[in-house]
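Down below is the structure, laid out as structure tokens.
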Amino acid sequence: MGRSGGAELSTTTRRLDDDVVVLAASGEIDTVTVAALRDPLLELAGRAAAGGTVVADLAGIGFFSSPGIEALLTAHQRLRAAGATLRVVTAPIVRRTLALVGLQRELALHDTLDDALAAVGDRHV
């Protein structure tokens with residue numbers, strides 16, 4: 001079954017404190033829309049300080065394909081190189097897709113934003 005055209009992706013960014021930024025996305029992530037996720041995510045990764053965390057809140061994603069995987073992996077690698085962390089809040093389709101390609105162990109996946117933020121808090125203890 002194919003998807004119809006007109007896919008959209010919207011993102012918002014909010015800084016919770018000096019160390020934690022949440023990038024929330026809703027809609028569909030595919031080759032047409034991935035830049036709306038990738039570009040701000042990589043910008044945040046480029047500015048991240050050691051010990052910082054970027055949370056990619058993808059709970060509002062209804063379609064997720066390989067460009068989204070690449071965007072998450074690139075951000076994860078850049079953040080790790082800076083001594084920072086990427087946490088991903090997953091919609092069911094995102095979690096299934098990441099599990100299919102074996103990335104559920106590479107990326108810090110969470111079911112809710114509260115879970116991801118609690119994990120950040122645990123890290124600071």
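Name the residues whose placed amide hydrogens come within less than 5 Å of the amide hydrogen of Phe63, ignoring near sequence neighbours (fewer than 5 apart) on the same chain.
For Phe63, the qualifying residues are Ile29.
In whole Hz, what ³J(HN,Hα) sequence does the stretch 69-76 give by Karplus (6.51, -1.76, 1.60; θ = phi - 60°), x for Gly and Pro?
Once rounded to whole Hz, the list reads 4, 4, 4, 5, 5, 5, 4, 4.
Looking only at the chain, where both bridge partners belong to it, what percent of the DSSP beta bridges are antiparallel (to the nearest 5)?
30
For the stretch 8-67, which GluC sites (Glu not before Pro) are in a loop by DSSP, counting at most 13 other Cβ atoms within 10 Å?
Here the GluC sites (Glu not before Pro) that fit, given the DSSP loop and packing criteria, are Glu8.
Need one word for the chain: rounded, prolate or oblate. Basis is the Cα gyration tensor (sqrt eigenvalues a ≥ b ≥ c); a/c below 1.5 gives rounded, then a/b vs b/c decides.
prolate
At 7 Å along the Cα-to-beta-carbon direction for both Arg105 and Ala35, put a label point, then send me their distance in nm to one decimal.
Each label point is offset 7 Å from its Cα along the Cβ direction, giving 3.7 nm.
State the answer as a single residue: which of Thr13, Val34, Gln77 lies farthest towards the positive end of the charge dipole of the chain, with beta carbon charges of +1 for Lys and Arg and -1 for Asp and Glu, about the Cα centre.
Checked the options; the winner is Gln77.
Treating only the Cβ of Lys, Arg, Asp and Glu as charged (+1, +1, -1, -1), what charge dipole size does the stretch 30-90 show about its Cα centre? Round to the nearest 20 debye.
Its charge dipole is roughly 240 debye.
Roughly how many debye, to the nearest 20, is the charge dipole of the chain about its Cα centre, given +1 on each Lys and Arg Cβ, -1 on each Asp and Glu Cβ, and no other charges?
With Lys and Arg at +1 and Asp and Glu at -1, about 260 debye.
Please label the shape of the stretch 83-125 as rounded, prolate or oblate, based on the square roots a ≥ b ≥ c of the eigenvalues of the alpha-carbon gyration tensor (a/c under 1.5 means rounded; beyond that, a/b larger than b/c means prolate, else oblate).
oblate
Every number in this text was worked out from the coordinates using simple rules, so none of it is lab data. Since we're looking at a predicted model, the values are computed, not measured. All Cβ positions, even for glycine, are placed from backbone atoms using ideal geometry, and neighbour counts span all protein chains on display.
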